1. Using only the alpha carbons, work out the radius of gyration and Dmax of segment 212-326 in angstrom.
2. Cα centroid distance between segment 49-64 and segment 106-135, in Å?
3. Quick one: what does P(r) look like for segment 61-104 with 5 Å bins over all Cα pairs, in whole %?
4. If you keep only loop residues by DSSP, which trypsin sites (Lys or Arg not before Pro) in segment 258-304 have at most 11 other Cβ atoms within 10 Å of their Cβ?
5. Which peptide among 238-251, 129-142, 84-97 comes first, and what is the full order, when sorted by highest mean count of other Cβ atoms within 10 Å?
6. First select every other residue whose beta carbon is under 12 angstrom from the beta carbon of P218; then total the charges, Lys and Arg +1, Asp and Glu -1.
7. Below 14 angstrom from the Cβ of G84, what's the summed charge of the other residues (Lys, Arg +1; Asp, Glu -1)?
8. Report the Cα-based extents of segment 83-184 along its three principal axes, largest first, to the nearest Å.
Amino acid sequence: MNKFKDFIEIDKKFQNSINLQLDIDNLSKLNSYIPTHSSILVLDGFLNNVLSDRDKANILIGPYGKGKSHLLLVLLALLNDGKGDRTKKTINKIEKVSKETAEKIKTIQSSVKPFLPVIISGTEKDLNKEFIIALMESLRKNNLMNVAPESDYGKALEVIAKWQKDFKQVYESFKQIVREYGRTVEEFMGELKEMKEEALNIFKEIHPKLTAGSEFMPMTVNNAMTLYGEINRALESYGYGGIYIIFDEFSKYIEGHEKDTFAYDMKILQDICELANNSKKQQIHITFVAHKSIKEYGNALSSDIVNAFKGVEGRLKEVRFVVSAQNNYELI
């Protein structure tokens, strides 16, 4: 007896969810986007924010699996494609649903410089550090590392390279000490390149032992808000119109966060939102992605977490991704 599974199979492009960090340069994922009236309504709002220079900090709320990440993947591609070459196929699809939205895209691509995309995942314990790492990763991917000011990690690598070149005896002592921490020099330098905090702390311990007691205190920028502001200004001379930050899976970050450091992290988010809302010619936008608002958690979150988030919430415009039955029929 035949079964339904013998006749029906799921189109492979519908099986995989979108991972913004992994798929940001994936042309097949971009081209597989199917615009619907509900998704275009949300996309149109984000485009208006860029054109009107307003509402630059917002939170996109919608149920799991309804296409929020795919929509934002498309938005980032559209904002980072000045000539419209990579996104032409997608724009043609959008035009069939809304000519007005397609015209806005063409206006942005012809008159607004591209935006540098930055993806935050919320997996680091230190949110300030995560914002910095995500920005550095985006600069690296786009061959813009010369824009970045030196970090403590970069300075540490610079010092090690100098020891290796000019102070052989110090370098040999350094190798020996690093081995006592269970690492080779190559492994240790690799951890510094990945901005591992433990490696930097070890280097700070080692430095006085090799330099007659002098502390490792480089004059570098370690505050995320300051760093984003500096780099955003510098990007103008490289042909960029600003930075677009996506905080993906923000709900998971809220649900899994430790109470002890939550207030500190909310201050980081508050600062970034203020930086975005106050940005002018060189725009900074930040969009948080959540499956429900903080108010909808009820007693599932502690009052401390809810109260700490209020300072951020007041700086965010709430955008609802409303999906109807019509949306499903359009996809079919």
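1. Gyration radius and largest Cα-Cα distance of segment 212-326: 17.7, 72 Å.
2. Result: 14 Å between the Cα centres.
3. Computed distribution, short to long bins: 5, 21, 26, 25, 15, 7, 1.
4. For trypsin sites (Lys or Arg not before Pro) across segment 258-304 that sit outside H, G, I, E and B with at most 11 neighbouring Cβ atoms in 10 Å, the list reads K280, K281.
5. Per-residue Cβ counts within 10 Å, averaged per peptide and sorted highest first, yield 238-251, 129-142, 84-97.
6. Within the 12 Å Cβ shell, the charges total -2.
7. With Lys, Arg at +1 and Asp, Glu at -1, the net is +4.
8. 68, 30, 21
The numbers here are math on the coordinates, done by the rules we state, and not lab data. These numbers come from a predicted model, not from an experiment. We place every Cβ from the backbone using ideal geometry, glycine too, and count neighbours over all the protein chains shown.
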